[in-house]
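This structure is in structure tokens; I'll ask about it shortly.
The values are calculated or read from the model by the stated rules, or taken from the named source; none is laboratory data. These figures come from a predicted structure and were not determined experimentally. A quick note on method: Cβ atoms are made from the backbone with ideal geometry, for glycine too, and the neighbour counts reach across all protein chains shown. In case anyone asks, the SASA skips ligands and DNA or RNA and just uses the protein heavy atoms, side chains included. Shrake-Rupley method; radii C 1.70, N 1.55, O 1.52, S 1.80 Å.
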Amino acid sequence: SEIVAGKTVVGIVISRDNARSTDVKLPESCTHGLVLALGQGEGNWSSSYDAGKVNTWALNNGYQNTTGVYYSGGYVTNEFGKRLLGYNNTSALRGYLAANGYTSGIVAALDDYAANVTLPASASAMYIPSIAEMQFIYNNFEVINAALESAGGTVFVTDASNAQRDLYWTTSENESSSGNAAALNPFTGELHGGVLKVSGVKKVRFIFAF
């Protein structure tokens with residue numbers, strides 16, 4: 001399925017779930033599903049190694065928990081990692097960056113991409129997925145890639161030899177590793193919870209709720 005604004009295809013519907021049931025920061029109109037944008041970007045997560053403090057800032061400023069991965073001899077998705085919190089996390093990250101004078105390559109990539117896309121009036125702004133949203137994409141990988149290809153979008157890598165370098169950032173943080181964030185390998189579904197935020201230039205996808 002595709003969301004059409006005017007006559008321009010802006011993405012593919014990847015879920016009919018009510019994302020607002022777990023992400024109350026979304027606009028009240030956004031209860032019908034999620035759309036994956038056709039394109040992608042890349043960049044670092046933050047210009048500061050102490051950006052692991054985003055979660056503390058978020059909780060002190062009315063946002064939900066941004067941590068989504070717990071590391072203890074392996075990568076395990078925690079309670080918050082199972083929630084569709086990309087809008088909450090992206091908004092919290094923006095607030096934290098502005099409050100501390102930091103920058104983010106993936107937020108800049110999001111803004112560059114979104115500036116050229118007109119979304120339906122009832123949709124949310126475009127945002128960066130949380131670990132739960134990226135795992136949803138992985139669990140429906142073949143269908144989503146086929147839909148992206150059909151719509152003229154950028155497909156996810158399916159070549160195992162390229163999978164390691166094609167990690168995709170999420171806005172979920174690793175709760176046990178200060179200064180790191182969570183990324184997902186879309187070929188294997190493996191979580192990478194210790195990817196350096198400052199030096200790790202990885203790919204990033206964009207979604208919006210409607």
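From the backbone phi of region 24-38, what are the Karplus-calculated ³J(HN,Hα) couplings (6.51 cos²θ - 1.76 cosθ + 1.60, θ = phi - 60°) in whole Hz, Gly and Pro given as x?
Calculated HN-Hα couplings, in order: 6, 6, 5, x, 4, 6, 8, 10, 9, x, 10, 10, 9, 5, 6 Hz.
Show the residues, 5+ positions off or on another chain, whose built amide H is closer than 5 Å to the amide H of Thr171.
For Thr171, the qualifying residues are Ser130, Ile131.
Now a separate question. So, with a 1.4 angstrom probe, what is the percent of accessible area on region 66-210 that is carbon and sulfur?
49
Still on this model: Over region 13-57, average the accessible area per residue using a 1.4 Å probe and give it in Å², no decimals.
So region 13-57 comes to 43 Å² accessible per residue, rounded to a whole number.
Using modelled backbone amide H atoms (1.01 Å from N, in-plane), which distant-in-sequence or interchain residues come within less than 5 Å of Asn180's amide H?
Gly52, Asn174
Using θ = phi - 60° and the Karplus relation 6.51 cos²θ - 1.76 cosθ + 1.60, list the HN-Hα couplings for region 62-72 in order, rounded to whole Hz, with x at every Gly or Pro.
x, 9, 7, 4, 9, 7, x, 9, 10, 10, 7
What longest range of the chain stays clear of loop-exposed GluC sites (Glu not before Pro) (DSSP non-H/G/I/E/B, at most 13 other C-beta within 10 angstrom)?
Answer from the scan: 80-210.
On to the next question. Specify the residue with the greatest mean-square fluctuation among Val54, Val155, Val143, computed from a Gaussian network of the chain linking alpha-carbon atoms under 10 Å apart.
Highest fluctuation of the listed residues: Val143.
Shifting gears a bit: What's the extension gain from Asp111 to Thr188 if we count 0.36 nm per residue and subtract their Cα-Cα distance?
24.9 nm
In nm, to one decimal, how far is the Val201 label point from the Val13 one, both placed 7 Å along Cα→Cβ?
Simple spin-label model gives 3.8 nm for this pair.
Check cross-link reach from Lys82 to the aspartates and glutamates: straight Cα distance under 12 Å, and skip same-chain residues fewer than eight apart.
Once the sequence-local aspartates and glutamates are set aside, what remains near Lys82 is Asp23, Glu133.
Could you order His192, His32 by accessible surface area, starting with the largest, using a probe radius of 1.4 Å?
His32, His192
To continue, here is another question. Straight-line reach from Lys202: which aspartates and glutamates have a Cα under 12 Å away, not including same-chain ones fewer than 8 places off?
Straight-line reach from Lys202, under 12 Å: Glu42, Asp166.
How large is ³J(HN,Hα), in whole Hz, for each residue of region 140-155 in order, when computed from phi with the Karplus curve 6.51 cos²θ - 1.76 cosθ + 1.60 and θ = phi - 60°, using x for Gly and Pro?
Values per residue, Gly and Pro as x: 10, 3, 5, 5, 5, 4, 5, 5, 4, 5, 5, 8, x, x, 8, 7 Hz.
Treating cross-link reach as a plain straight distance, find the aspartates and glutamates whose alpha-carbon is under 18 Å from the alpha-carbon of Lys53, omitting any fewer than eight places away in the same chain.
Hits, sequence-local ones excluded: Glu173, Glu175.
Another question, if that's okay. Hey, rough spin-label estimate for Ser72 and Ala151, points 7 angstrom out along Cα→Cβ, what's it come to in nanometres?
Placing both labels 7 Å beyond Cα along the Cβ direction yields 3.9 nm.
Compare the Cα positions of Ala99, Ala146, Ala121 along the charge dipole of region 88-168 (+1 at Cβ of Lys, Arg; -1 at Cβ of Asp, Glu; about the Cα centre) and return the one farthest towards the positive end.
Farthest towards the positive pole: Ala99.
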